[in-house]
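Enquirer: Mind looking over this structure? Questions follow.
The values are calculated or read from the model by the stated rules, or taken from the named source; none is laboratory data. These numbers come from a predicted model, not from an experiment. Here the Cβ positions follow ideal geometry from the backbone for every residue, glycine too, while neighbour counts run over all protein chains shown. Accessible surface is based on the protein model in full, side chains and every heavy atom, while ligands, DNA and RNA are left aside. Shrake-Rupley method; radii C 1.70, N 1.55, O 1.52, S 1.80 Å.
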Amino acid sequence: MTTFDVIIIGGGPGGYVAALRGASEGLRVALIEAEQLGGTCLNQGCIPSKTYLKNAEILEEIEQGKQRGILVKDVDFSMEGMVSYKNSVLNNLRMGIQSLLKARKIEVFNGLGLIKNSQEVEVISNNEKTTLSTKNIIIATGSRPLIPKVDGLENVQYHTTDTIFDLKTLPKSMTIVGGGVIGVELADVFSSLGSKVTIIEYSNRIIAMEDEEASKALHKKLHDKGINILTNHLVTSVSEENGCKMLVVEKKSGEKDVISSEELLIAVGRTPNNSATKHIDLAYNGAFIKVNDYLQTNISSIYAVGDVIGGYQLAHVASAEGLTVIENILGNQKKMDYSIVPRCIYTNLQIASIGQSENDLKSKGVDYTVTKYNLFGNGKAQTLGKKDGFVKVFTDSKYGEIYGMCMVGPYVTELIGQGSAYMSLEGTVYEMAEMIQPHPSLSEIFMEVANLSIGKGVH
Amino acid sequence: MAREVVMPKLGATMEEGIIVSWLVNDGEFIEEGDPIAEIQTDKIVLEVEAESSGHLLKKLYDAGSTVKVHEVIAYMGEENEAIEQIENFSESKDNKLEEVNEEEKVRKTPAANKLAKDNGVDLSLVPGTGPNSRVQKQDVENYLQQDTSKITPLAQKMVKDLKIDDKDLIGSGQHGKITKKDVLSAVTKTTSTQERESSQLKKVPLKGMRKVIAERMSESYYTAPHVTLTTEINMTECVILRKQLLPVIEKETGYRLSYNDLIVKAVAHTLSKNKALNISLQNNEIYFYEEVNIGFAVSLDEGLVVPVIENTDQIGLAEIVKRSKEIVANIKNGKLSPEYFENGTFTISNLGMYAVDSFTPIINQPQSAILGVGRIVEKPVVKNGEVVINSMMQLSLSFDHRVIDGAPAAQFMTDLKENLENPFRMLV
């Protein structure tokens, strides 16, 4: 039997990236995927949602074109066309992954991976079982939508991100349970397409994990767009009447209401896929696999990355974890560093953050300075007609160390990469202030906020 | 074109060096990189290499001279180049420097050149501190350490604020870049060291002779597989002989005969009959020495030196006494002339004046054997079936097992024991 250097279970951004790097480093790699390559990110997450968000942005911009003197008549769209375009994007990307895996001579097994012991993995495909031998295993099995326990939910047809991107027709109305990243992004999409959308969020604000000011800005934007946002609300029961989903919601104050809609989307979070590990005695943190700083489980030759270990459930974090594990398999003893992770929300008022949030700094009792610069003063933002937004930088007053940044506005999900570079290279706010930025550009806000931070504001 | 050969600066603290010997005669042709002279500092002997091919036109100092660093010690140039040209060299050196620059672009020492090449440093960016702005090795080292890309801006600010020398920091970032974490870790370490220092520790940098000893001892210990043989010598006859010879030798030389002198004589005598130990391993070649030149360790406040008595087996006991006492007196007066330390083939380390019975000495490389001498103690011993009190002494021979086997080493010890227990024979 062939012995692999590493078997990776799961072909998502954690697994396939680890496979590619491992093979580049000369390791003999096997990759097991039960469904489609690319994982949740490509098939049910980042890529379909961003494709739809672009559609929503186009529609919104056409509508706003009137203010700029652009008149477009008879704007319409086809759900089928959108699904088809989305699928073509997904296919292209999947083919890209396939050809990369092939080029690097990675053996890909289509089936369900089941870990038998620290050195053997069984692949189950069409009722056939194949046992593979290996020196190391990476569990990258990802997650699936978490379905909360709500009375009546099991009797109702509802959507998750597994199904929502294949809707054949646009619903007149949609209720989204969950005001996190997935909830707000899809609310933005369906609202732009013309659905009447309601978001139900249990916390006191949407995107509760992000900066409060950013959360408020997005709330206002979505509200202005016509989205009904109910915060501090809990769904107590669900039923279906005449093809409509009826949700009984209860305010924390005890007040009850009924929300009805054509479609229901559950977006309250994700739970790990642990089917591959049921035969081995792994340690867990709740439902998530427990790993050390080197992403090693309690069995030293078994590593785990991505959504299955919890923490940041982000594709780019999973990929970074996959690369870190390969370093460790190669004997390079690399710890996973989570201090500078960009976090992005791709709604049409985008939000992007990096490093520590203001809440983190407050809770740790760190002495910090916050400097805010409004996008209104930025020339490029004015030309785009997207002047809502701001950049906030949290710094140490002694050395100007950048603790974190939060950005709200157009294309900030791209701009935050600049923040990532400053922080990764340990540049301080002084270097940020000196850097020459192109004009006119949104990037100028880095220079502006940095100068403001050191008391030398330019504009 | 006449070119200067200068006394190199081999360390931050080096201010002068001794020209131990010239390896090239006036007028002789030298290839680039070939050694011109041996120079010594802090007891290290190193070679000055030719920076380019040419003829040695003139040596400005004799062997044994002490010369300050960066001073010109010789000139090189074309064959039979006139002396006037050489003398005029310094006057017109600025013009000539330009010509040299045309050809070499940057004036640099071979060591600086190698270091720069190894580290991919563009020498034209390195400010030279040598004569005529010649780039020295130290300049390249300084340049490498000052490379700002090796420290993050944040770490740089912290270093400045905390008054830490970033040269002391080890970077853990990409390509060894110093990061905030490295600064914080150094601060923690320094704080704990300072706490200890303030309460009980005194810290002195390892430098000069101590540094050389440290390097040479560890190099010897880790490169040569040491085997140590020990034996006990009945020194009773030596005690009697010394008593008898004391007034005679004192009258002849003005110095008192010590047991060490007797041991030096015995070792030289024994070594002349056991040449298998009078050898050296250098660059994969075994040197068999004809001469027996015994070195003996002398302790100084700042460390340890090993002066040598040449042809020790050829000279009488009185001469050994005279030479050893004069050498030691000169050394203790600070006259560390290189001639005292040259050409040793075997070393004796005597700790007999202390409460030490035996120890395992470390070979004084490039020699291959060393004898450790313990104290002389009166002990009950069995002689002719009776217990008597005799003066006993232990000897330990460490030898380099790469080139000396156990049997010849044991034979040497057996013969040495025989000679010391019957010392009158050596004098015959």
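Enquirer: Tell me, what is the per residue accessible area of the range A:321-386 in Å², probe radius 1.4 Å?
Expert: Heavy-atom accessible area per residue stands at 46 Å².
Enquirer: Also, quick follow-up: Please report, to two decimal places, log10 I(q)/I(0) for the range A:116-158 at q = 0.20, 0.22, 0.29, 0.33 Å⁻¹ as given by the Debye formula with identical point scatterers on the Cα atoms and no solvent.
Expert: Relative scattering, expressed as log10 I(q)/I(0), comes to -0.74, -0.80, -1.08, -1.15.
Enquirer: Moving on to the next point. Taking only the C-alpha atoms, wrap a convex hull around chain A and report its volume per residue in Å³ as a whole number.
Expert: 174
Enquirer: Calculate, in nm to one decimal, what B:Leu206 and B:Lys243 gain on full extension: separation in residues at 0.36 nm each, minus their alpha carbon distance.
Expert: Length gained, B:Leu206 through B:Lys243: 9.0 nm.
Enquirer: Set the Förster radius R0 to 45 Å, insert the Cβ-Cβ distance between B:Asn330 and B:Gln411 as r into 1/(1 + (r/R0)^6), and round the FRET efficiency to 0.05.
Expert: After rounding, the FRET efficiency stands at 0.80.
Enquirer: What per residue convex hull volume, in Å³, do the alpha-carbon atoms of the range A:240-300 yield?
Expert: Convex hull of Cα atoms, per residue: 164 Å³.
Enquirer: I've got another one for you. Three principal axis extents, largest first, for the C-alpha atoms of the range A:43-119, in Å?
Expert: 66, 25, 21
Enquirer: Follow-up. Provide the per-residue ³J(HN,Hα) series for the range A:366-371, in order, calculated from phi with Karplus coefficients 6.51, -1.76, 1.60 and θ = phi - 60°, each as a whole number of Hz, with x at glycine and proline positions.
Expert: Computed from phi, the couplings for the range A:366-371 are 6, 7, 9, 10, 10, 10 Hz.
Enquirer: In addition: Roughly speaking, what is the stretch gain from A:Ser88 to A:Glu262, that is 0.36 nm per residue apart minus the C-alpha to C-alpha distance, in nm to one decimal?
Expert: Separation in residues times 0.36 nm, less the Cα-Cα distance, equals 59.9 nm.
Enquirer: Note down the relative contact order for chain B as a percent, whole number, built from C-alpha pairs under 8 angstrom at least six residues apart.
Expert: 13
Enquirer: Would you grab the residues whose amide H sits under 5 Å from the one on B:Leu281? Only those 5+ places off in sequence or on another chain, please, with H modelled 1.01 Å from N.
Expert: So B:Leu281 has HN proximity to B:Tyr287.
Enquirer: Hey, another quick one. DSSP loop (so not H, G, I, E, B), at most 14 other Cβ within 10 Å: list which trypsin sites (Lys or Arg not before Pro) in the range B:320-428 pass both filters.
Expert: Here the trypsin sites (Lys or Arg not before Pro) that fit, given the DSSP loop and packing criteria, are B:Lys335, B:Arg402.
Enquirer: A further question follows. Kindly state, to the nearest 0.05, the FRET efficiency for A:Ala421 paired with B:Ala355, given R0 = 41 Å and r defined as their beta-carbon distance.
Expert: The value I calculate is 0.05.
Enquirer: Can you pull the accessible area of A:Lys135 for me, 1.4 Å probe, Å² to the nearest 10?
Expert: For A:Lys135, the solvent-accessible surface is approximately 120 Å².
Enquirer: While we're looking at this one, here's another question. Ignore the peptide's own chain and count Cβ atoms of other chains within 10 Å of each Cβ in A:425-431; give me the average, rounded.
Expert: That works out to 6 on average.
Enquirer: Just to verify a number: FRET efficiency for B:Gln314 and B:Ser133, C-beta to C-beta distance, R0 = 35 Å, to 0.05?
Expert: For B:Gln314 and B:Ser133, the calculated efficiency is 0.10.
Enquirer: What chymotrypsin sites (Phe, Trp or Tyr not before Pro) does the range B:347-399 have in DSSP loop regions with at most 14 other beta carbons within 10 Å?
Expert: B:Tyr354
Enquirer: Okay, moving on. Å³ per residue of the Cα convex hull, for the range A:207-352?
Expert: 171
Enquirer: Treating the Cα atoms of the range B:226-328 as identical point scatterers in vacuum, please give the log10 of the normalised Debye intensity I(q)/I(0) at q = 0.24 Å⁻¹, two decimals.
Expert: -1.35
Enquirer: So for the range B:312-389, taking the charge dipole from beta-carbon charges (+1 Lys/Arg, -1 Asp/Glu), which of B:Met353, B:Gln365, B:Ser324 sits furthest toward the positive end?
Expert: B:Met353
Enquirer: A further question on this structure: If you roll a 1.4 Å probe over the heavy atoms of the protein chains, what accessible area per residue do you get for the range A:1-115, in Å²?
Expert: 51
Enquirer: Explain nothing, just compute: Karplus ³J(HN,Hα) = 6.51 cos²θ - 1.76 cosθ + 1.60, θ = phi - 60°, for every residue of the range A:347-356 in order, whole Hz, x for Gly and Pro.
Expert: 4, 6, 10, 6, 10, 9, 9, 8, x, 8
Enquirer: Give me, ordered by chain and number, the residues 5 or more places off A:Ile8 or on other chains with an amide H under 5 Å from its own placed amide H.
Expert: A:Ala30, A:Leu31, A:Ile32, A:Ile138
Enquirer: Modelling each spin label as a point 7 Å along the Cα-to-Cβ direction, I'd like the A:Gln382/B:Leu427 distance in nm, to one decimal.
Expert: Label-label distance for A:Gln382 and B:Leu427, simple model: 11.2 nm.
Enquirer: Would you calculate the separation in nanometres between label points at A:Lys66 and A:Ser239, each defined as 7 Å from the Cα along the Cα-to-beta-carbon direction?
Expert: Placing both labels 7 Å beyond Cα along the Cβ direction yields 4.2 nm.
Enquirer: Of all DSSP beta bridges located in the protein assembly as shown, what percent are antiparallel, nearest 5?
Expert: Restricted to the protein assembly as shown, the bridges split so that about 75 percent are antiparallel.
Enquirer: How are the Cα pair distances of the range A:152-209 distributed, in percent, across 5 Å bins from 0?
Expert: Spelled out per bin, shortest first, that is 4, 17, 28, 26, 17, 7, 1.
Enquirer: Per 10 Å bin, what percent of the C-alpha pairs of chain B does each bin hold, from zero upward?
Expert: Distribution as computed: 4, 16, 22, 20, 18, 13, 6, 1, 0 percent.
Enquirer: Determine ³J(HN,Hα), in whole Hz, for all residues of the range A:236-244 in sequence, where each value follows from phi through the Karplus function 6.51 cos²θ - 1.76 cosθ + 1.60 and θ = phi - 60°; x replaces Gly and Pro.
Expert: 9, 7, 9, 8, 10, 9, 6, x, 9
Enquirer: Roughly how crowded by other chains is peptide B:151-161, in terms of the mean Cβ count from those chains within 10 Å of each of its Cβ atoms?
Expert: For this peptide, the per-residue mean of nearby foreign Cβ atoms is 5.
Enquirer: Still on this structure, please answer the following. Considering protein heavy atoms only and a 1.4 Å probe radius, which residues within the range A:372-416 exhibit an accessible-area decrease of no less than 10 Å² in the full assembly relative to the chain by itself?
Expert: Those are A:Lys398, A:Tyr399, A:Glu401, which lose 10 Å² or more relative to the chain on its own.
Enquirer: Would you mind giving the average projected area, over all directions, of the Cα convex hull of the range A:32-72 in nm² with one decimal?
Expert: Computed as one quarter of the Cα hull surface, the answer is 3.3 nm².
Enquirer: Given the range A:185-228, what whole percent of its Cα pairs are spread farther than 14 Å?
Expert: It works out to 46 percent of all Cα pairs.
Enquirer: Can you compute the equivalent ellipsoid semi-axes for the range A:12-83, i.e. the square root of 5 times each eigenvalue of the Cα gyration tensor, sorted largest first and rounded to whole Å?
Expert: Value: 42, 14, 7 Å, ordered largest first.
Enquirer: Ok, one more. Considering only A:Phe288, B:Tyr340, B:Val69, whose Cα is most displaced toward the positive end of the charge dipole of the protein assembly as shown, charges sitting on Cβ of Lys, Arg (+1) and Asp, Glu (-1)?
Expert: Result: A:Phe288.
Enquirer: Please go through the range A:1-64 and write out the GluC sites (Glu not before Pro) that DSSP classes as loop and that have at most 16 other C-beta atoms within 10 Å.
Expert: Listed in order of number, the matching sites are A:Glu25, A:Glu35.
Enquirer: With the cut-off at 23 Å, tell me which of the pairs B:Lys68/B:Lys108; A:Lys221/A:Lys392; B:Lys59/B:Lys108; B:Lys59/B:Lys114 have Cα atoms farther apart than that.
Expert: Correct reply: B:Lys59/B:Lys114.
Enquirer: Could you list the residues of the range A:383-419 with an amide nitrogen less than 11 Å from a label point located 7 Å from the Cα of A:Met435 in the Cα-to-C-beta direction?
Expert: What the label zone holds, given the 11 Å backbone N cut-off, is A:415-419.
Enquirer: Further question: For the B and A pair, go ahead and give the buried accessible area with a 1.4 Å probe, both sides summed, in Å² to 100.
Expert: Counting both chains, the buried surface is close to 900 Å².
Enquirer: Could you give the radius of gyration (one decimal) and Dmax (whole number) of the Cα atoms in the range B:220-269, in Å?
Expert: Cα-based Rg and Dmax for the range B:220-269 come out at 15.7, 46 Å.
Enquirer: Check which residues have an amide H placed less than 5 Å from B:Glu49's amide H, if you skip close sequence neighbours.
Expert: For B:Glu49, the qualifying residues are B:Ile36.
Enquirer: So for each of A:426-439, B:109-122 I average, over its residues, the number of other beta carbons within 10 Å; can you give me the resulting order with the highest mean first?
Expert: Per-residue mean Cβ counts within 10 Å order the peptides as A:426-439, B:109-122.
Enquirer: When all C-alpha to C-alpha distances in the protein assembly as shown are sorted into bins of 10 Å, what percent of pairs does each bin hold, rounded to whole numbers?
Expert: Taking every Cα pair in the protein assembly as shown, the percentages come to 2, 9, 13, 14, 13, 11, 10, 9, 8, 6, 3, 1, 0, 0.
Enquirer: Kirkwood Rh, the range A:402-459, all Cα pairs: how many Å?
Expert: The Cα-based Kirkwood calculation yields 11.6 Å.
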